[in-house]
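To start, the structure under review is shown below, and the notes come after it.
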Amino acid sequence: MWKVSLLVTTYNVREVLPITLASIESQDYAEIEVVIVDGASADGTTDVIRAFAGRHASFGDGLSVRWISEPDHGLYDAMNKAYALCTGDIVAVCNDRLCREDAVSRLVRAIEEGGPKCVGAHADLVYVDGERIVRTWRMGEGKLSQGWMPGHPTLFLKREVYERYGCYDTGYVCAADYEFMVRFLKDENNRLAYVPEVLIAMFYGGTSNAGLRNYLVSFREGYRALQKNGVRHPLAVTVRRTFRVLGQFRKQGGDAKARGRA
């Protein structure tokens, strides 16, 4: 069985972190390693982490925890630190909520069934504000040149992707995750299995969707990521991606937990 490393990065998130950790604890997958990198929080976040790690200190339930708390240089630096500490065969960043108990096992199974060119798997997601669904993102399948991209919060990757292509470029403010995906997906021999189900509920208001200014930064950085990686017609691809995102996001109502389990 493949070990799955879930990378959790935190900074002053005492209120929402228990939601993420509880969703990890609910998973039916038998071998999960949780790696938490905290940026020297001052609001009690480390107390939550310490209690979580203590509950699983015996390693008897298949869930192991390692964590550090120290100053860092932002989200992407913390994600790189977490990767350096992890030992899993499959790696995923998990800063939101796994909204089904079989989310991890479903994505791992998709990778197993994906064939020799399959380097990972992704799924659909919803953006949530508390229990209210704000936006839904149906990822589908496609090519970077068509403006398609997977949802990074849903992305489970074989460790070999990081070993071959490297980690996150901390020179980006909003789009290091996109640049990382461009880096390995521009080679169309690398394919992702797609699970057409909502498996992740993302907390609304993240780095790349927190206002118009950040959106414009993300647009510019997305263009730069394509240009840096030699993707043809980077401006056209960036515009296609923008319209694809706008077309996929739509206002939603109702209960996020119930919809996530649909």
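The values are calculated or read from the model by the stated rules, or taken from the named source; none is laboratory data. Since this is a predicted model, take the numbers as computed values, not measurements. Cβ sites come from the backbone with ideal geometry, for glycine too, and all protein chains shown count toward neighbours.
Key figures
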| quantity | calculated |
| --- | --- |
| Residue satisfying all of: in the stretch 160-177; under 15 Å from the mean Cα position of the chain (by Cα) and at pLDDT 95 or above; nearest to Trp148 (Cα to Cα) among these | Asp177 |
| Enumerated strands (runs of 3 or more DSSP E) restricted to the stretch 3-110, each holding at least 3 residues that are among the hydroxyl-bearing types (Ser, Thr, Tyr), at pLDDT below 95 and over 16 Å from the mean Cα position of the chain (by Cα) | none |
| Matching residues in the stretch 213-249 - criterion: being modelled with pLDDT under 65 and either among the polar types (S, T, N, Q) or more than 29 Å from Val8 (Cβ to Cβ) (or both) | Gln248 |
| Residue match in the stretch 174-192 (condition: out of contact with any helix residue (DSSP H, G or I) (no Cβ under 9 Å at 6 or more places or on another chain), over 23 Å from Ala78 (Cβ atoms) and among the polar types (S, T, N, Q)) | yes |
| Selection within the stretch 39-52 - closer than 23 Å to Cys99 by Cα and crowded, with 17+ Cβ neighbours inside 10 Å | Thr45, Val48, Ile49, Phe52 |
| Residue match in the stretch 209-223 (condition: of a type in the set (Lys, Arg) and closer than 29 Å to Glu112 by Cβ) | no |
| Verdict on Arg66 being closer than 23 Å to Gly166 by Cα and free of Cβ contacts under 8 Å to residues at least 60 places away in the same chain | yes |
| Given (1) more than 19 Å from Ile19 (Cβ to Cβ); (2) touching a residue at least 24 places away in the same chain (Cβ under 8 Å), index of the condition Arg109 fails | (2) |
| Only listed residue being of a type in the set (Ser, Thr, Tyr), surrounded by 14 or more Cβ atoms within 10 Å (Cβ to Cβ), on the phi < 0 side of the Ramachandran plot and not in a helix (DSSP H, G or I), chosen from Thr170, Thr242, Thr238 | Thr170 |
| Ser145 at pLDDT below 95, more than 30 Å from Glu15 (Cα to Cα) and assigned to a helix (DSSP H, G or I) | yes |
| Residues within the stretch 178-207 that are of a type outside the set (Phe, Trp, Tyr), part of a loop (DSSP other than H, G, I, E, B) and under 15 Å from the mean Cα position of the chain (by Cα), tallied | 3 |
| Matching residues, the stretch 250-260, being surrounded by 15 or more Cβ atoms within 10 Å (Cβ to Cβ) and either over 20 Å from the mean Cα position of the chain (by Cα) or at pLDDT 85 or above (or both) | Gln252 |
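Yes/no matrix, rows are residues, columns are (1) free of Cβ contacts under 8 Å to residues at least 24 places away in the same chain; (2) out of contact with any Lys or Arg (no Cβ under 7 Å at 6 or more places or on another chain); (3) under 19 Å from Cys99 (Cα atoms); (4) of a type in the set (A, V, I, L, M, F, W, C):
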site	(1), (2), (3), (4)
Arg135	no, no, yes, no
Gln146	no, no, no, no
Leu155	no, yes, yes, yes
Gly171	yes, yes, no, no
